[in-house]
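Below is one structure, written out as structure tokens, with a few remarks after it.
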Amino acid sequence: MSRNVLPFLVALMVAPLAPATAEENAAKGIHFELNKAETVNGTCRVTLVTRNDMASALTAFAIDLVVFDDAEGVAGYAAIDIGALPAGKTRVRQYDVARGDCGGFSRFLVNDVRACEGATGDAPDCLGALRLSSRTEIDLVL
């Protein structure tokens, strides 16, 4: 091996790892997606997709969801209990969130995190870890 290459190889071996990029940090957290909203028997039923991309499992995860109509009035309130959410796990659940046609609702507000318990008994910052998205015409906001 050439003497000129050796210092370069040593520098590579002891170089610190690059810090996580903003994109990588944004990918971590609890992804909460409003995947579908459909009216069933006069009630708005939503399909929610939740993925835990945090480093540890959650033994409990639940949120308070407030439903706003097109006139920005509160049209409903739902306590959404996702349950246990292992690290790296995705769950799909359906909930009836408000009476009425889903087409008459403008946004759903994640008002608060009702429950968030780590597997080791800690209480992670689940509200701060939420990454919201919607595949519907209804906005999902904090």
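Structure notes:
- Qualifying residue in region 4-15 (condition: within 25 Å of C126 (Cα to Cα), assigned to a helix (DSSP H, G or I), of a type outside the set (V, I, T) and at pLDDT below 95): no
- Being free of Cβ contacts under 8 Å to residues at least 24 places away in the same chain and either surrounded by 13 or more Cβ atoms within 10 Å (Cβ to Cβ) or among the aliphatic types (A, V, I, L, M) (or both) is a property that does not hold for V40.
- Residue in region 97-104 that is open to solvent by less than 50 Å² (accessible area, probe 1.4 Å) and under 15 Å from the mean Cα position of the chain (by Cα) present: no
- For region 43-94, the tally of residues that are closer than 22 Å to A129 by Cα, open to solvent by 60 Å² or more (accessible area, probe 1.4 Å) and either touching a helix residue (DSSP H, G or I) at 6+ places or on another chain (Cβ under 9 Å) or touching a residue at least 60 places away in the same chain (Cβ under 8 Å) (or both) stands at 1.
- Some residue of region 19-27 being in a strand (DSSP E or B), within 22 Å of R131 (Cα to Cα) and either open to solvent by 30 Å² or more (accessible area, probe 1.4 Å) or at pLDDT 95 or above (or both): no
The values are calculated or read from the model by the stated rules, or taken from the named source; none is laboratory data. Every value quoted in this text rests on a predicted model; they were computed, and no experiment measured them. Heads up, the Cβs are rebuilt from the backbone with ideal geometry, glycines too, and the neighbour counts pull from every protein chain shown. Heavy atoms of the whole protein, side chains included, go into the accessibility calculation; ligands, DNA and RNA do not. Shrake-Rupley method; radii C 1.70, N 1.55, O 1.52, S 1.80 Å.
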